[in-house]
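Worksheet: the structure to be examined is printed underneath.
Every number here is computed from the coordinates shown, using simple stated rules; none is lab data. Not measured: the values here are computed from a predicted model. Here Cβ is always computed from backbone atoms with ideal geometry, including for glycine, and neighbour counts include all displayed protein chains.
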Amino acid sequence: MANKEKVIAASAKHPRPDRIFSYGTAGFRMKANLLDSVVFRVGLLAALRSRKLNGQTIGVMITASHNPPEDNGVKLVDPMGEMLDQSWETYATSLANATSDEALFTLYEKLTSDLKINSEAPARVIVARDTRTSGPTLVASLVEALTATGVELTDYKILTTPQLHYLVRCINTKGTQYEYGEVSEKGYYEKLASAFKKAMRSKKFDGGVVVDCANGVGGPKLNELIKYLGRGEDGLAIKVVNDDVLNPDALNVQCGADFVKTNQRAPPSVKAAPLERCASLDGDADRIVYYFTDKSGQFHLLDGDRIATLAASFLADLARQSGLSGKLSIGVVQTAYANGSSTQYVTEHLKVPVVCTNTGVKHLHHAATRFDIGVYFEANGHGTVLFSPQAIKHISQHEPSSPAQADALETLHSLTDLINQAVGDALSDLLLVEVILAHKGWSPENWLATYKDLPNRLVRVEVKDRHIFKAYDAERKLESPVGVQSLIDEAVGKFSKGRSFARASGTEDAVRVYAEAGSRGEAEDLAGKVASIVRGA
Ligand code: G16
């Protein structure tokens, strides 16, 4: 039984502001000065979660990813490195909203008994944070909750979100048949670098890649990774830009994956030659988008949909070439934001099934586990590829019947190590894209030519109360406010190849509107019309 006095006294130092909190798309996100009590209470939940799982290590990541520098956030990572089990999100929300320190402790005890948690079981938590200035104070709040509840804590200081997920998975699989890697940041770099070199073998890169790190944690971590990749004559030349983590106000400002995806243009700070490959990470390095300008100076975005289609086609080819295609089911998971042309390309050209889920990697990840090779990416660049235990077994045990089969199998095998199996990881995805382009001998223009995106527009609409917007059908339709969906349907009906939806963001205080149509002008027009329907509601 937790020490009542200790928990209540510690909680009293972290008073809850007068507002309602909810565990959103990626945990709790808001202005950092509102988060103190939330992080303390997340510490209590982490203690419960670890004890419920008999002392398996739970991760806590303090980050607000793509959000502005003054925001912060907190999310929990489950033992295999995946997002917190969704059934526990409601407990997180209830703890965050408990009205007094006593009520908080009563709820903590109620959860202990309702969830049949052995309060004598050990509890272990690891924590990391991004580069925001509010991070250390929030970690201190977490530590107080963990100390009051007798949890063993390791603070990994500054890491990318995917590095924390990696460590959680490594710790919990150590000594088992699913051992994932060495439990250290160095182990992470070594694993990626060794898989990258194996995947490349004699293949050559055509030029280098410019990587915009959003002035976030991805900058120093990519610089570190580069040391492990080596830069022999045939190595990949990575030019790192926007890696200023000393100026906290620069984070995600006029740069980063979200800026590029939303504005459909390169950050002004990224200077690249025509046809040079460019990529942008987000503030905690779990998203990546590619882009380039052509010889006429026109900008072209190669977003998460493009990475998904590139990866799916490459993996399907490798499965075929290694003689495993009959044994491995391949699928792609997308959200409503996926460009209609990408979905059509996957189903009609690649002949691979597509599943559509709600926004949030937790939803996509879950759906991807249903395939032997599950490729999941959000259009915003957040995603990865999951290999089922069955797939890993087939890939490891298959006897190739020709040198070509052996070659394909070796590449496939190296990709199971190169691709982060815990969560979408911008650094791992960067290397994956580079490997695929090198194998295919493709320029970004070849990649772009695989299909033609429908012109689209993403708009952020600020409303009084975004919570009144309730979506269904993988967030492609609104059930409330009543009547809004029929207005949207009516607007969409007036455009050729029109498609649009509105949904409340789970990370920002806004409603997002997505629209695509036959021409750029029509997509803009449709987005504007749906945005005003949302404002009117
Ligand atoms: C988070 C989630 C993503 C989601 C994004 C936007 O990304 O991890 O899955 O796509 O928020 O979500 P929403 O539209 O609900 O605001 P990140 O990179 O900010 O952690």
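Worth pointing out:
- Contact order, relative form, for the chain: 13 percent (alpha carbon pairs under 8 Å, 6 or more residues apart, mean separation divided by residue count).
- Qualifying trypsin sites (Lys or Arg not before Pro) for segment 400-474 [loop in DSSP, other Cβ within 10 Å: at most 16]: K452, K464
- Residue (of S296, G218, L310) at the positive-pole extreme of the chain, dipole from beta-carbon charges: L310
- For segment 33-164: lysine pairs under 22 Å (alpha-carbon distance), excluding those fewer than 8 apart on one chain: 4
- In Å, descending, principal axis extents of the Cα set of segment 166-221: 41, 33, 13
- Binned Cα-Cα distances of segment 70-154, short to long, each 10 Å bin given as a whole percent: 13, 43, 38, 5
- Stokes-Einstein diffusion of the chain at 25 °C, 0.890 mPa s viscosity, Kirkwood radius from Cα pairs, rounded to a whole number: 103 µm²/s.
- Rg in Å to one decimal, and Dmax rounded to a whole Å, for segment 188-301 via C-alpha atoms: 14.3, 43
- Candidate cross-link partners of K227 among the aspartates and glutamates, defined by an alpha-carbon separation under 15 Å and a same-chain spacing of 8 or more, comprise E185, E190.
- Largest-first principal axis extents of the Cα set of segment 4-158 (Å): 40, 34, 25
- Kirkwood-based Rg to Rh ratio, segment 115-197, C-alpha trace: 1.04
- Percent RCO, i.e. relative contact order, over segment 345-408, from Cα pairs under 8 Å lying at least 6 residues apart: 19 percent
- Point-charge dipole on Cβ atoms (K/R +1, D/E -1) for the chain, about Cα centre, debye to 20: 380 debye
- Note on segment 319-350 and segment 467-537: Cα centroid distance 27 Å, given to the nearest whole angstrom.
- With neighbour counts taken as other beta-carbon atoms within 10 Å, the residues R19, R287 rank, fewest first, as R19, R287.
- Taking every DSSP beta bridge that has both ends in the chain, the antiparallel portion is near 60%.
- At most 16 other Cβ within 10 Å, DSSP loop - GluC sites (Glu not before Pro), segment 46-119: E70
- Computed [θ] at 222 nm, helices only, for the chain once each DSSP H run of length n ≥ 4 contributes -39500 (n - 2.57): -12500 deg cm²/dmol
- Using bins of 5 Å that start at zero, the share of Cα-Cα pairs per bin across segment 456-536 amounts to 3, 18, 30, 27, 15, 6, 1, in whole %.
- Segment 45-62 versus segment 90-162: alpha-carbon centroid distance in Å: 8 Å
- Hits among aspartates and glutamates - C-alpha to C-alpha of K174 under 12 Å, sequence gap 8 or more where chains match: E182
- Segment 407-459: GluC sites (Glu not before Pro) falling in loop per DSSP and having at most 16 other Cβ within 10 Å: none
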